[in-house]
Amino acid sequence: MEKSERLQILDELIKFNTVNGNEEVVANYLKDLFEKHGIQTELVKYDKGRYNLIATVKNTDSPFLGFTGHEDVVAPVDESKWNYNAAFNPKHIDGKIFGRGTSDMKGGLAGMAIALIELNEDDSFKGNIKFIATVGEEIGEFGAKQLSDAGYADDLKALIVGEPSNSTSKLVTDKLAGSGLIRITQPNPTVYGRHSVFCAHKGSVTYKVISHGKAAHSSMPEVGINALDNLITYYNKQKEYFGKLQDADDDVLGKTKPSVTVFKSGDQENTIPDYAEMTVKIRTIPEYNNDQIIAELKDLIKTINDADPRMNLEFDLESSNWPVKTDLNSKFLQMARDAYKEVWTQDALAVGAPGGTDASQFVEANHDLEVIVAGPGNESAHQINEFVFEDDYLKFIEIYKLIAQKYFA
């Protein structure tokens, strides 16, 4: 495919406003593109205007290598603050492509789509690739969960997630390592640049704890049950439990990270609140898995409720996304590092990603799945004036092809 067409495909994807929905336009665009090149596709509806897309190239009876990315993007924050009016109007300036989703992750999505097309047109390629484009990754990994529950990950042996894995400079990489957001553990090169492969990322457990009380006039609090007081009692017990959670440590991902993020209670200053809630997000690691944490939280609430009849606490699980980790010595990861070195002529770091991806859902459904996160984006993701380096985007097409070729060699 000519360079101009490669760039045009990314531009067309960026023009689609797929903020937390409307992903059907991306799915239909990719469907038409793949079918034009003779690749079988399938649309899987999630909701009105929201479709996942699966495209397959199958040459043998062996398992599939997966390419996956999401079709949605986050809001542009304030479009008036974007230079060049570029939020959904891609601009190519000084080697950068500006636009919402360039980095996270329409650059990776377009790159993997083009790699699939070019691999399919290469008579020497005899592997099996399943391309999966999902909805709703940014707000809950909805599409990936739907597809995983339906068995679309069951025949995958390994998976490349095209989320951003680069930084804009080695200085940024060093700052991330210095801050503790990433760990450069062994085996890893001592000399490296700004290009990384993520071999792991934390999972998450997101939940609410709801406290039910009894309203009363603030002059007679004794006749009511203060839901906020009871929730604070739980909060303090939960804080003790979080200390236990943080005893676990992963060599690549670090410690479990719990955070209370939302606290709500009360409507009027002279009324004892009969309702209070908190929202909590725990970033999880393989050593202390999601199911264990959920079971222990439920036990904690039951113990508190049983000990005091005025307590009426409720646990509401909002999401459970599993941690992802591929061994630093795995052959699949080494293939990716070799591909990076061929393209960038430089060793690549293999580190843990600070954020999560759709891979959590696919790994929960297929525990043997090896995963790497490798994509052309950088730390400008989710920011105003998000961008991807044009050269990174083009070179990742070659990286995806090289990894696939090595995998099926």
List the residues whose amide H sits under 5 Å from the amide H of ASP250, counting only those 5 or more places along or on another chain, with H placed 1.01 Å from N in the peptide plane. LYS255
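Counting only protein heavy atoms and using a 1.4 Å probe, what share of the accessible area of the chain belongs to carbon plus sulfur, as a whole percent?
47 percent
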Given H placed 1.01 Å from N in the peptide plane, which residues other than close sequence neighbours of THR185 have an amide H under 5 Å from its amide H? none
Along each of its three principal axes, how wide is the spread of alpha-carbon positions in region 247-386, in whole angstrom units, largest first? 68, 38, 26
Considering only DSSP beta bridges whose two residues both sit in the chain, what percent are antiparallel, to the nearest 5? 70 percent
Could you report region 1-44's accessible area per residue, 1.4 Å probe, as an integer in Å²? 50 Å²
Quick check: from the Cα gyration tensor, does region 153-251 come out rounded (a/c under 1.5), prolate or oblate? prolate
Candidate residues ARG194, ARG6: accessible-area rank, largest first, probe 1.4 Å: ARG194, ARG6
If you find the alpha carbon centre of region 1-50 and of region 126-193, how far apart are they in angstrom? 21 Å
Counting pairs of alpha carbon atoms under 8 Å apart in space and at least six apart in sequence, what relative contact order in percent does the chain give? 24 percent
Please tell me which of these pairs span more than 32 angstrom C-alpha to C-alpha: LYS257/LYS302; LYS106/LYS237; LYS257/LYS331; LYS45/LYS244; LYS130/LYS175? LYS106/LYS237; LYS45/LYS244; LYS130/LYS175
Where does each of 384-390, 14-20 land if you order them by average Cβ count within 10 Å, highest first? 384-390, 14-20
Each residue of region 318-323 in turn: what ³J(HN,Hα) in whole Hz from Karplus with 6.51, -1.76, 1.60 and θ = phi - 60°, glycine and Pro shown as x? 9, 6, 9, 10, 6, x
Taking region 7-129 as the region of interest, what is the percent of Cα-Cα pairs per 5 angstrom bin, listed from the shortest bin to the one with the maximum distance? 2, 11, 20, 21, 17, 13, 8, 5, 2, 1, 0
Using a Förster radius of 41 Å, what is the FRET efficiency between GLU296 and LYS15 based on their Cβ-Cβ separation? Nearest 0.05, please. 0.30
Looks like region 82-183, by Cα gyration tensor root eigenvalues a ≥ b ≥ c and the a/c under 1.5 rounded cutoff (else prolate when a/b is bigger than b/c, oblate otherwise), is prolate
Label assignment, Kirkwood radius over Cα pairs in Å derived from the structure, set [x] 22.7; [y] 23.4; [z] 21.8: [x]
Let me check I have the definition right: for region 185-319, take the eigenvalues of the Cα gyration tensor, multiply each by 5, take square roots. What are those semi-axes in whole Å, largest first? 39, 15, 10
Rounded to the nearest whole number, the Stokes-Einstein translational diffusion coefficient of region 333-376 at 37 °C and 0.692 mPa s (Kirkwood radius, C-alpha pairs) in µm²/s is 274 µm²/s
Anisotropy class of region 1-54 from Cα gyration tensor, a/c 1.5 cut: oblate
Point-to-point label distance, LEU181-ASP368, nm (Cα→Cβ direction, 7 Å offset): 3.6 nm
In whole Hz, what ³J(HN,Hα) sequence does region 367-383 give by Karplus (6.51, -1.76, 1.60; θ = phi - 60°), x for Gly and Pro? 5, 8, 6, 8, 9, 10, 10, 8, x, x, x, 8, 6, 6, 3, 6, 8
Could you give the accessible area per residue of region 110-252, probe 1.4 Å, as a whole number in Å²? 40 Å²
ASP155 accessible area, nearest 10 Å², 1.4 Å probe? 60 Å²
If I model a spin label at ASP61 and PHE125 as a point 7 Å from the Cα along the Cα→Cβ vector, what separation in nanometres do I get? 2.4 nm
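Just to confirm the filter: which trypsin sites (Lys or Arg not before Pro) across region 291-351 are DSSP coil and have at most 14 other Cβ within 10 angstrom of their Cβ?
Answer in residue order: ARG310.
The values are calculated or read from the model by the stated rules, or taken from the named source; none is laboratory data. Just so it is clear, the structure is predicted and the values come from calculations on it, not from any experiment. Glycine also receives a Cβ, built like all others from the backbone with ideal geometry; neighbour counts cover every protein chain displayed. Quick note on the areas: whole protein, heavy atoms, side chains included, nothing else; ligands and nucleic acids left out. Shrake-Rupley method; radii C 1.70, N 1.55, O 1.52, S 1.80 Å.
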